[in-house]
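**Student:** Pasting a structure here, questions to come.
The values are calculated or read from the model by the stated rules, or taken from the named source; none is laboratory data. Just so it is clear, the structure is predicted and the values come from calculations on it, not from any experiment. In this analysis, Cβ positions are derived from the backbone assuming ideal geometry, glycine residues included, and neighbour counts consider all displayed protein chains. Accessible surface areas use protein heavy atoms only, side chains included; no ligands, DNA or RNA. Shrake-Rupley method; radii C 1.70, N 1.55, O 1.52, S 1.80 Å.
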Amino acid sequence: MIQQPFDRIVASLAAKTPTPGGGAAAAMAGCMGAALFLMVVRYSRGKKANLDRDAELAAAEQQLDGQLQALLPMAERDCRSFDGVSVAFGMKKDTDAEKSARNAAIQQATVGAMVVPEETLAMCRDVFTTIHPVVGCIGKTIASDLAAGAQLLLAGAEGAYLNVRINAGSLDDKAFASKAMARADAVLADARKAQAAIAATVDALLR
């Protein structure tokens, strides 16, 4: 999916098809946020004011690059996981046995459709964790890129969270769903806190 031209990606999101949907869009927003973070770290390296922190910036650059590469397939994975739900809903339900098999398949596929955005959510939070120690190295001229990256990354986290929530609500195993939501709530809270801190830092820089 991500190999397609941008206009085709946008058209596929707008199409009346189950996928790609919000989960895939969230993953792509997370990719753009991580990419902007990577850009601002790269621009910050070699600056006179940051020479004594170059090793720290280099480590952040390497980690962000790995995190971006991990995020890139998540949109496609999200589509595949939801396609599994669609297939399960299309199963026969004429007999009790077929109904039982169909319901089991739906539940299993829904777990998969919940797990993928939960991974995306955690990945977005982890990108925030990586950038946090070097935010003070980011200069005023690229502060808006830092803030935009944080907004996009949070949008990815928020969108992924909503997909965890909607799928968790469809599970028969309420205890399993409740644990998943508790994890997602905590991760999203971390992401929101990180984005707010970056927004405050950038606001101070731009005053």
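**Student:** Tell me, which residue of segment 1-25 that is touching a Leu at 6+ places or on another chain (Cβ under 8 Å) and assigned to a helix (DSSP H, G or I) is surrounded by the most Cβ atoms within 10 Å (Cβ to Cβ)?
**Tutor:** Ala24
**Student:** Failed condition for Arg125, given (1) more than 30 Å from Arg102 (Cα to Cα); (2) touching a Leu at 6+ places or on another chain (Cβ under 7 Å); (3) crowded, with 21+ Cβ neighbours inside 10 Å, with all others met?
**Tutor:** Answer for Arg125: the failing condition is (2).
**Student:** Also: Residue pairs, Cβ under 8 Å, 6 or more apart or interchain, first in segment 154-178 and touching a residue at least 40 places away in the same chain (Cβ under 8 Å) and assigned to a helix (DSSP H, G or I), second open to solvent by 40 Å² or more (accessible area, probe 1.4 Å) and of a type in the set (Lys, Arg). List them.
**Tutor:** Pairs that qualify, where the first residue is touching a residue at least 40 places away in the same chain (Cβ under 8 Å) and assigned to a helix (DSSP H, G or I) and the partner is open to solvent by 40 Å² or more (accessible area, probe 1.4 Å) and of a type in the set (Lys, Arg), are Leu154/Arg192; Ala157/Arg125; Ala157/Arg192.
**Student:** Here are some residues: Ala70, Ala101, Ala88. Which one is under 30 Å from Val134 (Cα atoms) and of a type outside the set (Ser, Thr, Tyr)?
**Tutor:** Ala70
**Student:** Provide a single number: the residues in segment 82-92 that are loosely packed, with under 14 Cβ neighbours inside 10 Å and not in a helix (DSSP H, G or I).
**Tutor:** 2
**Student:** Within segment 29-50, track down each residue that is in a helix (DSSP H, G or I), at pLDDT 95 or above and open to solvent by 30 Å² or more (accessible area, probe 1.4 Å).
**Tutor:** Across segment 29-50, the qualifying residues are Met32, Ala35, Leu36, Met39, Arg42, Tyr43.
**Student:** Could I ask something else about it? Just to be sure, is Ala101 open to solvent by 30 Å² or more (accessible area, probe 1.4 Å), modelled with pLDDT of 95 or more and either over 19 Å from the mean Cα position of the chain (by Cα) or acidic (Asp, Glu) (or both)?
**Tutor:** Spelling it out, Ala101 is indeed open to solvent by 30 Å² or more (accessible area, probe 1.4 Å), modelled with pLDDT of 95 or more and either over 19 Å from the mean Cα position of the chain (by Cα) or acidic (Asp, Glu) (or both).
**Student:** Is there a residue being touching a Lys or Arg at 6+ places or on another chain (Cβ under 6 Å) and either without any contact (Cβ under 8 Å) to a residue 24 or more places away in the chain or within 29 Å of Ala88 (Cβ to Cβ) (or both) anywhere in segment 179-190?
**Tutor:** Yes, there is a match, as at least one residue in segment 179-190 is touching a Lys or Arg at 6+ places or on another chain (Cβ under 6 Å) and either without any contact (Cβ under 8 Å) to a residue 24 or more places away in the chain or within 29 Å of Ala88 (Cβ to Cβ) (or both).
**Student:** Still on this structure, I have one more. Does segment 194-203 contain any residue that is within 25 Å of Gly22 (Cβ to Cβ) and out of contact with any Phe, Trp or Tyr (no Cβ under 9 Å at 6 or more places or on another chain)?
**Tutor:** yes
**Student:** Does Ala143 qualify as being under 30 Å from Leu51 (Cα atoms), modelled with pLDDT of 95 or more, buried (at least 21 other Cβ atoms within 10 Å of the Cβ) and of a type in the set (Gly, Ala, Ser)?
**Tutor:** Considered against the rule, which asks whether it is under 30 Å from Leu51 (Cα atoms), modelled with pLDDT of 95 or more, buried (at least 21 other Cβ atoms within 10 Å of the Cβ) and of a type in the set (Gly, Ala, Ser), Ala143 comes out as no.
**Student:** Still on this model: Looking at (1) under 19 Å from Leu72 (Cβ atoms); (2) open to solvent by 60 Å² or more (accessible area, probe 1.4 Å), which is the one condition that is false for Asn163?
**Tutor:** With respect to (1) under 19 Å from Leu72 (Cβ atoms); (2) open to solvent by 60 Å² or more (accessible area, probe 1.4 Å), Asn163 is out only on (2).
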